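Okay, so here's the structure we're looking at.
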Amino acid sequence: MSVADEAGGGAAGSSRKGVRPRGARTPDGESRSGPEAGGADSGSAPARSRSPGSPRSATGGMLTPAARGSTPAPAKRSRGPGGSAGAAAGTGGDGYAGGTPVRTQSSELLAALRRLAGGDFDVHLAEAGDTLWVEIAHAFNNVVETNRNVAVEFSRISRTVGREGRAQDRAHVPGARGSYAAELDSLNSLVIDLTQPTTEVARVLSAVAEGDLSQKMVLEIDGKSVQGEFLRIGTTVNTMVDQLSSFASEVTRVAR
């Protein structure tokens, strides 16, 4: 072999050692192409560069936003007629109950309560609509009816006992319980406490009118001493009976 052939073979060998095949990977794992890779197609376009944060698919391609699995936007919460988020309890998502707006029912109930607080016992709620509203209206109407019955009974006792003189009349409301029954008992106790001294005075005066001067007014009612005006009236009646008895005795003595 000539010197020229050895020189040519050495150059070709070194050229082959310094050139990587096209598409070969470098030690850092990146594939290279183009002139620096030493490929025969040195005029081709350079490899597209990517930013460090751009995700790649398993095949090495760029991921689209849809393929990245972006988080969907949260659903908007519906608002009822009153402006509050979400559906009201016991109503549909549109804030309606049984076809009637909840706000309208609340306004109706508030107006009825204000009338009841003002002493209007003729107020009434319509028992129509969804189940919950019917129960609320029924309970409200029962309260109004009980208050009306108690008020009517108070007026009746005031008339029959106070003006008509039926001292034995007593207040009674069917179905009254709790504080309502306690109110009626208090009224009946008041009637007894007022009429019993009067009845006792009438008994003593009737006896005196018939000539019986031995009767006196009892100053105790149910084991308790009468007080105030009742005690003053009782004492006056008994003093009058004592004076009449003394006068009758003196007249009888003188007549003998």
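Say whether the condition of being closer than 16 Å to Q168 by Cβ and either open to solvent by 80 Å² or more (accessible area, probe 1.4 Å) or assigned to a helix (DSSP H, G or I) (or both) is met by at least one residue in the range 204-225.
No.
Condition check ((1) assigned to a loop (DSSP other than H, G, I, E, B); (2) closer than 30 Å to G118 by Cβ; (3) in contact with a Gly (Cβ under 9 Å, 6 or more places away or on another chain)) across all residues:
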site: E153; (1), (2), (3): no, yes, no
site: S158; (1), (2), (3): no, yes, no
site: E164; (1), (2), (3): yes, no, no
site: P174; (1), (2), (3): yes, yes, no
site: A182; (1), (2), (3): no, yes, no
site: L244; (1), (2), (3): no, no, no
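Output the residue which, of all residues in the range 144-203 that are within 30 Å of A111 (Cα to Cα) and basic (K, R), is surrounded by the fewest Cβ atoms within 10 Å (Cβ to Cβ).
R177
Determine whether G228 is open to solvent by 60 Å² or more (accessible area, probe 1.4 Å), free of Cβ contacts under 8 Å to residues at least 24 places away in the same chain and not β-branched (V, I, T).
No: the conditions fail for G228.
Could you give every pair whose Cβ atoms fall below 6 Å, whose first residue belongs to the range 185-208 and is aliphatic (A, V, I, L, M), and whose second residue is open to solvent by less than 80 Å² (accessible area, probe 1.4 Å), counting only separations of at least 6 or pairs across chains?
L187/A171; V191/V161; V201/V237; V204/Q215; V204/M217; V204/V237; A207/Q215
Looking at the structure I just gave you, is G129 modelled with pLDDT under 95 and either in a helix (DSSP H, G or I) or closer than 27 Å to N188 by Cβ (or both)?
no
The values are calculated or read from the model by the stated rules, or taken from the named source; none is laboratory data. Note that the structure is predicted; figures quoted are calculated from it, not measured. Note that each Cβ is placed from the backbone with ideal geometry, even for glycine, and that neighbours are counted across all protein chains shown. Each accessible area value is taken on the protein alone, full model and side chains, heavy atoms only, with ligands, DNA and RNA left out. Shrake-Rupley method; radii C 1.70, N 1.55, O 1.52, S 1.80 Å.
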